[in-house]
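Participant: Okay, here's the structure, questions in a sec.
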Amino acid sequence: MADIGGLSCTLQEGDVRLEPLADRHIEPLRVACAEDREIWEIFPVSLIDDFDETIKRMHATNDWVRFAVINEETDKVVGMTNYIRPDVHGVVEIGGTYIAPSVRGTGFNRIMKKLLIDHAFASGFRKIEFRVDTRNKRSMAAVLKLGAKQEGILRKNLVTWTGYVRDSAVFGLMQDEWNG
């Protein structure tokens, strides 16, 4: 049986540390999100123009387990990531991920995802899902590199903060497919 309550903990490997998102992370997260203004065009929400309201709405939901992403080398918040809608049937989504340009392309994201995936499977989850805007080719390629399989596309399933009606590619990763 999946241990939903056990998902919220600090995870670390090398320079990558994930801590449960707390008030002390909010202002450093604001700074990290401002490092790439253009990327928010393909996100469902904006953590630039609407940062305070978006954070407030995120904290109002109880079906996300939120993490601040910290670069251990600099001890700086460089982003955020989440477990989304973990359920008693052993399925959890990983998403709502942003990392600053300073750590992109360095292997940081792969380690971050490895920590989340390993912890979810160790907590009894049997399947991990990813939902990616089909315009985000870089994220779709990264999810496939993890060993996930594309299961389909949810057509016009989400209206983003810009008003764009997006298609979401859905990927699934089973424990026996994980090559962590």
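Taken together, the values in this text are just the output of simple stated rules run on the coordinates, not laboratory data. Everything numeric in this text was worked out from a predicted model, so none of it was measured. All Cβ positions, even for glycine, are placed from backbone atoms using ideal geometry, and neighbour counts span all protein chains on display.
Participant: How many Lys pairs in the chain lie less than 26 angstrom apart by Cα atoms, where the lysines are 8 or more positions apart or on different chains?
Facilitator: The result is 21.
Participant: Only Cα pairs under 8 Å and at least 6 apart count here; give the relative contact order of the range 2-67 as a rounded whole percent. Numbers along the way, then the final one.
Facilitator: On the way: 36 pairs, mean separation 21.4, N = 66.
Relative contact order here is 32 percent.
Participant: Test of understanding: in a Gaussian network model of the chain with alpha carbons linked when under 10 Å, which of A34, A148, A68 would top the mean-square fluctuation ranking?
Facilitator: Highest fluctuation of the listed residues: A34.
Participant: If contacts are Cα pairs under 8 angstrom and at least 6 residues apart, what is the relative contact order of the chain in percent?
Facilitator: Values: 325 pairs, mean separation 39.7, N = 180.
Over the chain, the number comes to 22 percent.
Participant: Would you list Y98, Y83 from fewest to most Cβ contacts within 10 Å? Can you show the working numbers first?
Facilitator: Details: Y98 18, Y83 24.
The order, fewest Cβ neighbours first, is Y98, Y83.
Participant: After finding the eigenvalues of the alpha carbon gyration tensor for the range 92-180, what semi-axes result from the square roots of 5 times each, listed largest first in whole Å?
Facilitator: Values: eigenvalues 97, 58, 25 Å².
Equivalent ellipsoid of the range 92-180: 22, 17, 11 Å, largest first.
Participant: Over the Cα atoms of the chain, compute the convex hull volume and normalise it per residue, giving Å³.
Facilitator: Numbers: hull volume 20.4 nm³, N = 180.
Convex hull volume per residue, Cα atoms: 113 Å³.
Participant: Now a separate question. Using a Gaussian network for the chain with springs between C-alpha atoms less than 10 Å apart, which of these wobbles most: I128, I39, I99?
Facilitator: Of I128, I39, I99, the Gaussian network model singles out I39 as fluctuating most.
Participant: Could you tell me which of T81, I94, I48 has its Cα farthest along the dipole of the chain towards the positive end, charges placed at Cβ (Lys, Arg +1; Asp, Glu -1), taken about the Cα centre?
Facilitator: I94
Participant: Further question on the same structure: Highest GNM mean-square fluctuation, the chain, Cα pairs closer than 10 Å: which of W161, W40, W64?
Facilitator: Judging by the Gaussian network model, the answer is W161.
Participant: Please give the charge dipole size of the range 1-64, origin at the Cα centre, charges +1 on K and R Cβ atoms and -1 on D and E Cβ atoms. Round to the nearest 20 debye. Before the final figure, lay out each step's value.
Facilitator: On the way: 6 positive and 15 negative charges, 43 e Å.
Using Cβ point charges on Lys, Arg, Asp and Glu, the range 1-64 gives about 200 debye.
Participant: Can I ask one more? Can you bin the range 1-94 into rounded, prolate or oblate? Criterion: square roots of the alpha carbon gyration tensor eigenvalues sorted a ≥ b ≥ c, rounded for a/c under 1.5, prolate for a/b above b/c, oblate for the rest.
Facilitator: Oblate, because a/c is 1.5 or more while a/b does not exceed b/c.
Participant: Report, in debye and to the nearest 20, how large the dipole of the chain comes out about its Cα centre when Lys and Arg carry +1 and Asp and Glu carry -1 on their Cβ.
Facilitator: 560
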